[in-house]
Amino acid sequence: MGGVVGKSESYRKFSIHETKLEAKMVEAMQRRAAKGSVMKSFNSLILKFPKIDESLRNCKAIFEQFDEDSNGMIDQEEMKKCFSKLEVSFTDEEIIDLFEACDINEDMGIKFNEFIVLICLVHLLKDDNKAVHTKLQLGMPELEATFETLVDAFVFLDKNKDGYVSKSEMVEAINETTTGERSSGRIAMKRFEEMDWDKNGMVNFKEFLFAFTRWIGIDDLEDEDED
């Protein structure tokens, strides 16, 4: 899997890059949060899983297009070409920041699940005119709608609109869905632990996205391709 292995070491190694990128993510998410969320409950997100899953798996064709040497991952040079074709403008430093933040297993390549997270982060940052100047033109309105659903889900979870999801906010979100169920607290904590990869008690949008790809089984798709 493109999963959790090496996350804590990676977080320390790339802390400078992570901090810069995270600041941009938080700022962009706070501006987005000001518009509010249409999501009413965590359960409403769960009901969207099949449609989101289908949409994200359709990214496979885009991923394979940019994986020019067909080795199952996108390296930095391929990523630069990818952004160029998508008409997304980033500085070399920003490209390195994004690459290293999304290459969570440190194999110097972006696998499919990491690619989904990467493109969704670009979707978030493309409206952040102060931090980056982008023109994301995927030509796939359904995919952009899916990314917006994921942004909206994070905004729903982030009750105090600080750009992070805390344990208490996750508990509150789950309780809104499962009022009166004794198991709701355990469910919330399990979901939070799945998101909080660096174990700092706060979840940023990138961590949420990686957890989400696992919830809908995108990593399973990678395993099938490797067999």
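Does at least one position in the range 160-178 carry a residue that is more than 20 Å from L45 (Cβ to Cβ) and at pLDDT below 80? No: zero hits. Among the residues making up the range 52-77, those that are in contact with a helix residue (DSSP H, G or I) (Cβ under 8 Å, 6 or more places away or on another chain), open to solvent by 50 Å² or more (accessible area, probe 1.4 Å) and closer than 16 Å to T213 by Cβ are R57, N58. In the range 70-92, the residues that are within 20 Å of I104 (Cα to Cα) and among the basic types (K, R) reach residues that are outside any loop (DSSP other than H, G, I, E, B) and open to solvent by less than 80 Å² (accessible area, probe 1.4 Å) with C-beta atoms within less than 9 angstrom, at least six apart or across chains, in these pairs: K80/I95. Residues that are open to solvent by 70 Å² or more (accessible area, probe 1.4 Å) and closer than 21 Å to V122 by Cβ within the range 14-47 comprise I16, T19, K20, Q30, R31, A34, K35, listed in sequence order.
Set side by side, the residues Q65, Q76, Q30 differ, and just one is of a type in the set (S, T, N, Q), touching a Cys at 6+ places or on another chain (Cβ under 9 Å) and at pLDDT 85 or above, which is Q65. For A211, the requirement of being modelled with pLDDT under 90, assigned to a helix (DSSP H, G or I), open to solvent by less than 20 Å² (accessible area, probe 1.4 Å) and out of contact with any Pro (no Cβ under 8 Å at 6 or more places or on another chain) is not met.
Counting only residues that are open to solvent by less than 60 Å² (accessible area, probe 1.4 Å), over 19 Å from L21 (Cα atoms) and acidic (D, E), the range 78-115 holds 2 of them.
Of note, I104 satisfies the criterion of being under 13 Å from the mean Cα position of the chain (by Cα) and over 14 Å from F66 (Cβ atoms).
A search for C-beta distances below 6 Å between a residue of the range 189-217 that is farther than 14 Å from D158 by Cβ and any residue that is open to solvent by 20 Å² or more (accessible area, probe 1.4 Å), counting only pairs 6+ apart in sequence or on different chains, returns D198/Y11; A211/E194; I216/F49; I216/D53.
Figure legend. Inter-residue proximity from the range 40-55: first residues within 15 Å of F147 (Cβ to Cβ), second residues assigned to a helix (DSSP H, G or I) and among the charged types (D, E, K, R), beta-carbon distance below 8 Å, spacing 6+ or different chains. Indicated pairs: S55/E142.
The values are calculated or read from the model by the stated rules, or taken from the named source; none is laboratory data. Please read all numbers here as calculations on a predicted model, not as lab measurements. Neighbour counts run over all protein chains shown; Cβ positions are idealised from the backbone, glycine included. These accessible areas exclude ligands, DNA and RNA; they are computed on the full protein's heavy atoms, side chains included. Shrake-Rupley method; radii C 1.70, N 1.55, O 1.52, S 1.80 Å.
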